[in-house]
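The values are calculated or read from the model by the stated rules, or taken from the named source; none is laboratory data. All of these numbers come straight from a predicted model, not from anything done at the bench. Using ideal geometry, Cβ is built from the backbone for each residue, glycine included, and neighbour counts are taken over all protein chains shown.
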Amino acid sequence: MILNINRSKFQAHPYHLVDPSPWPISMSFALLVTTISAVMYMHGFNYGGYLLNLGVLLVSTGMALWLRDVIVEATYLGHHTEQVKRGLTIGFALFIVSELMAFFSVFWAYFHSSLAPTVEIGGSWPPLGIQILDPFAIPLLNTILLLSSGAFITYAHHAIIKGNRKSAILGIILTLLFAIIFTALQGYEYSEAGFTIADSIYGTVFFASTGLHGFHVIVGTIFIGVQFIRLLNHHITNSHHVGLESAIAYWHFVDVVWLFLYAFVYLWAAPL
């Protein structure tokens, strides 16, 4: 640790040369295990589900330990200079672009089937026999909850910039509360749906798109929850909050995607 501090103190450039870490290679193997086991599980291989759970556990553990080291480098070792923070911001922006491509593929499948319904699905959208969910019930409530959570996390961001910790804590608590309620309502909506992912192309794209979004909501909730703990421990200040800004950017991305999902998957498919 002393060597790290001395190197960062006397180095002639503003960049952070990361120390040797076991997490990149371990994460690579964990992702390989997760991918292979997911294919095994989908094709009904024995123990495929157990291996998939193991892979998810390994990926989650690797991410937690890797991000722990990043937090230590930023908060306790002082390696995150302005240049490093700028690089982290650009990197996270590119990550959000890659996530956008995942949703783009799902929307492509949705519009490919909905704009020109084939005879196999009855020449109509939604397909014959599919009773879609009421867009003005739980989906509308979830829209209000998610947009409200986006407003509260933005309020928390401005509070941090002004050095108001109490308001920032309140804003994040409300964001987390609304996010948890959103996830619970979506789970209830799934349990009450009159169709499954195997019921025509509508069921497939409905659960694929809303399920992918729901997964992102859970990840975003954990992301914000970690920043909340860091805020309570005084890791986040008005001049050092790149992690919180990244979590906020991710949450706004989730908000915007939900607006498109609500507009097209729920409202557009609803009968007049």
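For the stretch 226-267, the set of residues classified as in contact (Cβ under 8 Å) with a residue 40 or more places away in the chain and closer than 14 Å to Thr143 by Cβ consists of Val254, Asp255, Val257, Trp258, Leu259, Phe260, Leu261, Tyr262, Phe264, Val265, Tyr266, Leu267, listed by residue number. Of the residues Ala168, Ala159, Ala179, the single one that is within 24 Å of the chain's Cα centre (by Cα) and within 21 Å of Trp258 (Cα to Cα) is Ala179.
Okay, residues lined up against (1) closer than 22 Å to Thr61 by Cα; (2) among the charged types (D, E, K, R); (3) at pLDDT 95 or above:
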| site | (1), (2), (3) |
| --- | --- |
| Leu185 | no, no, yes |
| Ile201 | no, no, no |
| Thr204 | no, no, no |
| Val217 | yes, no, yes |
| Val256 | no, no, yes |
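From Ala151, Ala184, Ala198, grab the single residue that is farther than 19 Å from Leu267 by Cα, out of contact with any strand residue (DSSP E or B) (no Cβ under 9 Å at 6 or more places or on another chain) and not in a helix (DSSP H, G or I). Steps first, answer last, please.
On the way: Ala151 fails: not in a helix (DSSP H, G or I); Ala184 fails: not in a helix (DSSP H, G or I).
The conditions single out Ala198.
The criterion of at least 1 residues that are out of contact with any Leu (no Cβ under 9 Å at 6 or more places or on another chain), assigned by TED's automatic domain parsing to the domain that holds Phe260 and surrounded by 13 or more Cβ atoms within 10 Å (Cβ to Cβ) is met, among helices (runs of 4 or more DSSP H) falling completely within the stretch 6-117, by 82-114. Taking the stretch 195-210 as the range and being among the β-branched types (Val, Ile, Thr) and crowded, with 20+ Cβ neighbours inside 10 Å as the test, the residues that pass are Ile201, Val205, Thr210.
Filtering the stretch 217-272 to residues that are among the charged types (D, E, K, R) and within 18 Å of Ile90 (Cα to Cα) leaves only Glu245.
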